[in-house]
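The values are calculated or read from the model by the stated rules, or taken from the named source; none is laboratory data. Keep in mind that this is a model prediction, so the values were computed, not measured. Note that each Cβ is placed from the backbone with ideal geometry, even for glycine, and that neighbours are counted across all protein chains shown. Remember, those area values only see protein heavy atoms, side chains included, never the ligands or the DNA or RNA. Shrake-Rupley method; radii C 1.70, N 1.55, O 1.52, S 1.80 Å.
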Amino acid sequence: FNDTATTEIYTLSLHDALPISYIINETSNIVGHSVNQTGITKDNQVLNLLISTSARFRNDKIIFTAFIKDISEQKEMEKKLLKNLNILASHREDLKRLSLDAIRVQEIERKRISQDLHDQIGQSLSALNISLELIKDQKSSGADIEKMIHDCQALVSSTSEEIHRFTFELRPTIIDDL
């Protein structure tokens with residue numbers, strides 16, 4: 001046990017570890033049984049043990065053997081592995097929740113951008129189209145037409161600025177870090 005075969009087990013119910021009965025006959029060679037059992041050393045150290053027992057029929061005699069192996073380290077590693085698997089599952093759930101939150105935020109932002117594009121750019125382009133229709137249908141003097149063209153150019157300029165503002169808001173923030 002723990003690199004020494006001389007550790008004495010203080011408390012161990014071998015009755016619980018051994019099988020109730022073996023089926024032995026002249027044709028049987030080995031019948032075995034293994035069980036995990038907890039033992040306590042004289043210094044109250046708890047050990048997880050694997051107890052393997054077997055019976056052999058040899059020369060009209062039944063020979064019983066038992067092997068006891070300290071598997072405390074293996075059991076501790078199994079506990080750690082299970083704990084880490086639970087942590088991993090928890091992190092996966094967190095990641096899934098965060099991903100869904102990110103998608104939800106993206107959808108809200110897309111809806112806002114769509115509404116802004118419709119309200120601001122759409123209105124500007126509609127106003128520009130109406131102004132151009134009025135110019136086309138205008139029978140007035142050149143000065144009136146020139147003012148209408150100037151107003152259309154101002155509208156195109158402000159619409160262009162709004163488009164630049166939208167593209168600035170949409171560009172990835174990682175570009176700022178470069």
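The table that follows gives values for the structure above.
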read-out: The range 147-163, subset open to solvent by 90 Å² or more (accessible area, probe 1.4 Å) and more than 18 Å from His118 (Cβ to Cβ), residue modelled with the lowest pLDDT; value: Lys147
read-out: Qualifying residue in the range 81-91 (condition: more than 30 Å from Leu170 (Cα to Cα), of a type in the set (Gly, Ala, Ser) and out of contact with any Pro (no Cβ under 8 Å at 6 or more places or on another chain)); value: yes
read-out: Any pair with Cβ under 6 angstrom, 6 or more apart, that starts in the range 104-125 at a residue that is over 18 Å from Phe168 (Cβ atoms) and ends at one that is part of a helix (DSSP H, G or I) and open to solvent by less than 100 Å² (accessible area, probe 1.4 Å); value: none
read-out: Residue in the range 93-109 that is surrounded by 11 or more Cβ atoms within 10 Å (Cβ to Cβ) and assigned to a helix (DSSP H, G or I) present; value: yes
read-out: Single residue of the range 164-178 satisfying the filter (part of a helix (DSSP H, G or I) and not charged (D, E, K, R)) that is modelled with the highest pLDDT; value: His164
read-out: Restricting the range 65-83 to residues that are open to solvent by 90 Å² or more (accessible area, probe 1.4 Å) and without any contact (Cβ under 8 Å) to a residue 12 or more places away in the chain, the residue that is nearest to Leu49 (Cα to Cα); value: Glu73
read-out: Residue list for the range 126-146, filter: open to solvent by less than 70 Å² (accessible area, probe 1.4 Å) and over 29 Å from Phe168 (Cβ atoms); value: Ile135, Gln138, Ser140, Ser141, Gly142, Ile145
read-out: Failed item in (1) surrounded by 11 or more Cβ atoms within 10 Å (Cβ to Cβ); (2) modelled with pLDDT under 80; (3) not in a strand (DSSP E or B), with Asn25 passing the rest; value: (1)
